[in-house]
There are 2 protein chains.
Amino acid sequence: MALVVQKYGGSSVADIEKIKFVAKKVVDRKRKGDKLVVVVSAMGKTTDNLISLAKKIIPNPPEKELDLLLSTGEIVSVALLCMAIESYGQQAEGFPGYFAGIKTDTLHTKARIQKIEPSKILEQLKKDKIVVVAGFQGLSPEDSITTLGRGGSDLTAIAITGAIKADICEIYTDVKGVYSADPNRVKNAKLIPIISYDELLEMASSGAKVMQSRAVEFAKKYKIPFVVKSTFEDGEGTMVKEIELKEGAVVSSVSIDENQAKISIFRVPDKPGIAGKIFSALGQKGINVDMIVQNVGRDGFADISFTVNINDMEKTKDIVEKIAKEIGAEKVITDPDICKVSIIGIGMMNQPGVAGKMFNCLANSGINIEMISTSEIKISCVIRKKDGEKALIQLHKEFIENK
Amino acid sequence: MALVVQKYGGSSVADIEKIKFVAKKVVDRKRKGDKLVVVVSAMGKTTDNLISLAKKIIPNPPEKELDLLLSTGEIVSVALLCMAIESYGQQAEGFPGYFAGIKTDTLHTKARIQKIEPSKILEQLKKDKIVVVAGFQGLSPEDSITTLGRGGSDLTAIAITGAIKADICEIYTDVKGVYSADPNRVKNAKLIPIISYDELLEMASSGAKVMQSRAVEFAKKYKIPFVVKSTFEDGEGTMVKEIELKEGAVVSSVSIDENQAKISIFRVPDKPGIAGKIFSALGQKGINVDMIVQNVGRDGFADISFTVNINDMEKTKDIVEKIAKEIGAEKVITDPDICKVSIIGIGMMNQPGVAGKMFNCLANSGINIEMISTSEIKISCVIRKKDGEKALIQLHKEFIENK
């Protein structure tokens with residue numbers, strides 16, 4: 001008998017038939033003797049629909065009220081899933097996030113979990129009920145309802161797993177697990193049976209839409225293992241856990257991010273503090289900068305290039321142009337026609353030649369590299385957007401299929 | 001400066017434009033110096049849609065989960081109305097019913113308010129905020145979300161008015177107030193400026209869809225005056241309060257209930273306890289019986305007729321046929337083709353001749369009366385359904401227009 005936390009995302013509970021399917025799956029598992037806490041997201045596109053409703057009232061809805069609004073989506077899923085579970089003859093207890101003891105700070109729309117008081121969940125488990133919890137939401141110290149940011153249900157599930165000391169957390173989704181590349185784009189993409197927290201984090205920041213990063217960070221911090229698997233298809237899925245660095249560890253996945261844009265500032269006077277000025281100004285406006293490359297020329301001027309999310313490109317340009325004028329830089333150029341390809345794998349940096357192999361692979365495919373950045377377990381290259389697909393397939397062939 | 005509780009029903013917040021209209025109205029009122037608590041229902045058909053969603057899972061959804069599901073409807077309205085109020089420059093604080101201190105019993109789907117702890121509402125009013133409360137919902141002693149039954153938002157508003165000792169409660173709806181008859185059916189129907197709790201209660205039980213009876217009963221019990229008025233049209237509306245019996249008080253309204261069916265049991269042995277047996281059996285199954293007529297013949301047998309809601313007719317027939325067999329009655333006949341017309345007015349019973357005038361009016365219109373029942377302030381007649389419209393118009397002419 002195991003204590004299991006399961007999480008079903010919006011696509012797994014998108015309609016009544018799917019909710020019934022999930023209920024059946026949960027009930028079958030319960031009958032095998034496991035104790036279950038089930039975390040659910042809002043049905044399908046509910047959250048998007050609620051946001052667009054709010055935007056009809058006011059283009060920038062106040063965040064506290066937005067949280068109150070959005071929190072209804074998951075509660076609907078909780079109520080319907082409980083009904084379906086009971087229709088299959090098992091007792092269920094449904095909790096909005098704020099009754100499940102999920103205490104957050106007051107940062108509405110992206111609240112952080114402060115602590116979880118799992119006594120009510122444990123009490124219902126003791127009564128042999130299946131506990132169904134609304135993901136994505138919590139309660140602030142001021143008793144207002146908060147939400148944990150997009151994909152926050154993953155975080156709810158992981159955090160509850162830690163709080164109730166469950167044996168395992170199962171994240172159910174519409175894919176069979178974590179792949180070596182997006183299977184919709186790389187037909188030979190392979191399911192990865194075991195992956196480390198760090199690799200999964202790097203994948204998320206490299207454009208792979210797997211899981212909310214904060215949930216993975218939380219799992220890493222508290223060493224909470226979890227499995228990513230498919231709701232509707234059988235399979236073992238991908239186990240995510242702490243992995244010891246092994247000799248000869250290699251590239252585990254290849255990913256592409258096509259939502260990036262490149263900003264270049266030419267002939268920046270090479271004086272201390274100028275890069276700081278630019279990037280702290282962007283930080284203040286909430287713009288995340290990804291890769292940064294700076295080349296200092298011999299004449300005391302530097303060219304600075306960096307990438308941002310394509311949606312932030314215009315906003316970034318406005319801010320940077322103002323600063324460029326102040327500091328006497330020559331000009332600012334924006335380029336939305338780029339993409340970023342990455343290879344990820346733990347211990348990569350101890351394997352000499354991985355980077356060279358990547359650059360050669362791209363060069364042999366006739367693809368020009370515009371920017372490079374590296375971390376312990378990742379190498380990323382910015383290339384032309386039109387070359388992205390080819391790069392992805394060639395890198396996957398080189399590092400995954402041929403190994 | 002007054003302390004005002006307003007309630008806006010589902011048709012008043014049916015879409016974004018209407019929510020904005022209500023917000024504007026609320027904000028204008030606030031700017032005139034009043035302190036405001038606003039109770040809202042779910043948008044338009046939301047509650048019905050949620051119920052039909054639940055019924056797709058299971059035809060008889062469990063009530064506790066149904067309450068959790070339905071409670072989301074009003075929360076959406078609260079969040080959107082708060083946003084709209086803030087977009088007009090006033091501060092708002094939104095409360096789900098359970099955070100507003102509305103404590104109920106555990107009778108899910110028709111919970112009764114046990115007490116209201118208004119400290120959070122008062123705290124926000126003190127901060128000069130407009131408080132927006134989700135109608136229709138509360139919290140059970142077990143911390144599960146309850147709902148107060150159809151039209152429960154009226155009850156929420158009235159109960160909060162009492163708890164915070166507000167100066168007035170304003171019930172906003174899609175009509176200009178309480179009319180002497182349904183204005184959609186009787187073109188000369190008149191708006192009633194002042195009406196007593198009792199008359200409004202009798203109107204509700206006579207088929208007039210004005211307000212939830214429990215809300216009116218609650219207002220009567222605690223002597224909470226309220227006004228029924230239109231959201232979208234100007235006007236004074238109808239003031240509902242305790243009215244002293246006046247000499248010469250007359251009929252204030254005429255109503256029709258077309259959702260009744262008649263059940264007749266023929267040749268019932270006239271022994272003590274038989275009527276009790278029938279009606280307690282129906283009561284146990286939750287079937288409300290309205291009018292009851294019994295005629296005892298000389299031969300020791302009686303005919304019993306009574307009316308129930310038409311939706312309960314088949315269920316009633318099954319129960320009554322079983323009892324009829326046991327007690328040796330001859331047969332049971334059901335008749336869905338009836339309706340009930342009523343005249344209502346305080347002090348009517350002290351006015352000799354009102355009943356006679358009603359019966360004559362119907363007779364002169366060629367309408368046959370099948371059953372009669374009277375109370376202190378009401379006379380009802382069961383007639384053929386096809387005669388209902390004519391009866392309504394003739395009675396209104398006789399008692400309202402000609403007076």
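The values are calculated or read from the model by the stated rules, or taken from the named source; none is laboratory data. Please read all numbers here as calculations on a predicted model, not as lab measurements. For neighbour counting, all protein chains shown are included, and Cβ atoms are generated from backbone atoms with ideal geometry for every residue, glycine included.
Some points to look at:
- A:ILE171 being more than 14 Å from chain B (Cβ to nearest Cβ) and within 30 Å of B:LYS56 (Cα to Cα): yes
- Pick from the stretch B:319-354, criterion touching a strand residue (DSSP E or B) at 6+ places or on another chain (Cβ under 6 Å) and acidic (Asp, Glu), ranking: modelled with the lowest pLDDT: B:GLU330
- Residues that are touching a His at 6+ places or on another chain (Cβ under 9 Å) and either among the β-branched types (Val, Ile, Thr) or under 30 Å from B:SER180 (Cβ atoms) (or both) occur at least once in the stretch B:240-261.
- Among residues of the stretch A:50-64, those that are facing chain B (nearest Cβ under 7 Å), assigned to a helix (DSSP H, G or I) and farther than 15 Å from B:ILE75 by Cα, counted: 2
- Residue within the stretch A:357-373 that is touching a residue at least 60 places away in the same chain (Cβ under 8 Å), part of a strand (DSSP E or B), in contact with a Gly (Cβ under 6 Å, 6 or more places away or on another chain) and crowded, with 17+ Cβ neighbours inside 10 Å present: no
Here is a yes/no grid of residues against (1) at pLDDT below 90; (2) in a loop (DSSP other than H, G, I, E, B):
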site: B:GLU236; (1), (2): no, yes
site: B:VAL254; (1), (2): no, no
site: B:LYS262; (1), (2): no, no
site: B:PRO272; (1), (2): yes, yes
site: B:LYS277; (1), (2): yes, no
site: B:ILE287; (1), (2): yes, yes
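- Selection within the stretch A:4-43 - farther than 15 Å from A:GLY94 by Cβ, β-branched (Val, Ile, Thr) and buried (at least 24 other Cβ atoms within 10 Å of the Cβ): A:VAL5
- Residue in the stretch B:272-288 that is touching a residue at least 40 places away in the same chain (Cβ under 8 Å), among the aliphatic types (A, V, I, L, M) and surrounded by fewer than 16 Cβ atoms within 10 Å (Cβ to Cβ) present: yes
- Among the residues listed as A:THR72, A:THR47, the single one being more than 7 Å from chain B (Cβ to nearest Cβ), surrounded by 18 or more Cβ atoms within 10 Å (Cβ to Cβ), in a helix (DSSP H, G or I) and touching a helix residue (DSSP H, G or I) at 6+ places or on another chain (Cβ under 7 Å): A:THR47
- Qualifying residue in the stretch A:374-384 (condition: among the polar types (S, T, N, Q), in contact (Cβ under 8 Å) with a residue 40 or more places away in the chain and exposed (fewer than 15 other Cβ atoms within 10 Å of the Cβ)): yes
- Residue check for B:VAL78: within 11 Å of chain A (Cβ to nearest Cβ), at pLDDT 95 or above and out of contact with any Ser or Thr (no Cβ under 6 Å at 6 or more places or on another chain): yes
- Taking the stretch A:198-215 as the range and being surrounded by fewer than 24 Cβ atoms within 10 Å (Cβ to Cβ) and hydrophobic (A, V, I, L, M, F, W, C) as the test, the residues that pass are A:LEU201, A:ALA204, A:ALA208.
- Selection count, the stretch B:387-403, where residues are free of Cβ contacts under 8 Å to residues at least 60 places away in the same chain and part of a helix (DSSP H, G or I): 4
- Condition met for B:ILE333 (more than 22 Å from B:PRO183 (Cβ to Cβ), touching a helix residue (DSSP H, G or I) at 6+ places or on another chain (Cβ under 7 Å) and in contact (Cβ under 8 Å) with a residue 40 or more places away in the chain): no
- Here B:ALA42 fulfils each of the conditions (1) more than 26 Å from B:VAL210 (Cα to Cα); (2) touching a helix residue (DSSP H, G or I) at 6+ places or on another chain (Cβ under 8 Å); (3) assigned to a loop (DSSP other than H, G, I, E, B) apart from (1).
- Here the condition is being more than 11 Å from chain B (Cβ to nearest Cβ) and farther than 23 Å from A:GLY162 by Cα; of A:ASP34, A:ASP28, it holds for A:ASP28 alone.
- In the stretch B:298-320, the residues that are closer than 11 Å to B:ILE265 by Cβ and free of Cβ contacts under 8 Å to residues at least 60 places away in the same chain form Cβ pairs under 8 Å with partners that are in a strand (DSSP E or B) and of a type in the set (Lys, Arg), at six or more places apart or across chains, as follows: B:PHE301/B:ARG267; B:ALA302/B:ARG267; B:ASP303/B:ARG267; B:PHE306/B:LYS262.
- None of B:LYS165, B:LYS129, B:LYS115, B:LYS103 is among the basic types (Lys, Arg), over 21 Å from the mean Cα position of the chain (by Cα) and within 13 Å of chain A (Cβ to nearest Cβ) except B:LYS129.
- Total residues in the stretch B:23-45, condition under 20 Å from B:GLY151 (Cα atoms), modelled with pLDDT of 95 or more and not small (Gly, Ala, Ser): 5
- Note on the stretch A:1-25: residues that are under 27 Å from the mean Cα position of the chain (by Cα) and more than 14 Å from chain B (Cβ to nearest Cβ) amount to 11.
- Scope the stretch B:58-69; condition surrounded by 24 or more Cβ atoms within 10 Å (Cβ to Cβ) and touching a helix residue (DSSP H, G or I) at 6+ places or on another chain (Cβ under 7 Å); matching residues: B:PRO61, B:GLU65, B:LEU68, B:LEU69
- So B:SER180, is it of a type in the set (S, T, N, Q) and within 27 Å of B:LYS110 (Cβ to Cβ): no
- Residue satisfying all of: in the stretch A:84-100; more than 10 Å from chain B (Cβ to nearest Cβ) and over 15 Å from A:LYS35 (Cα atoms); surrounded by the fewest Cβ atoms within 10 Å (Cβ to Cβ) among these: A:GLY89
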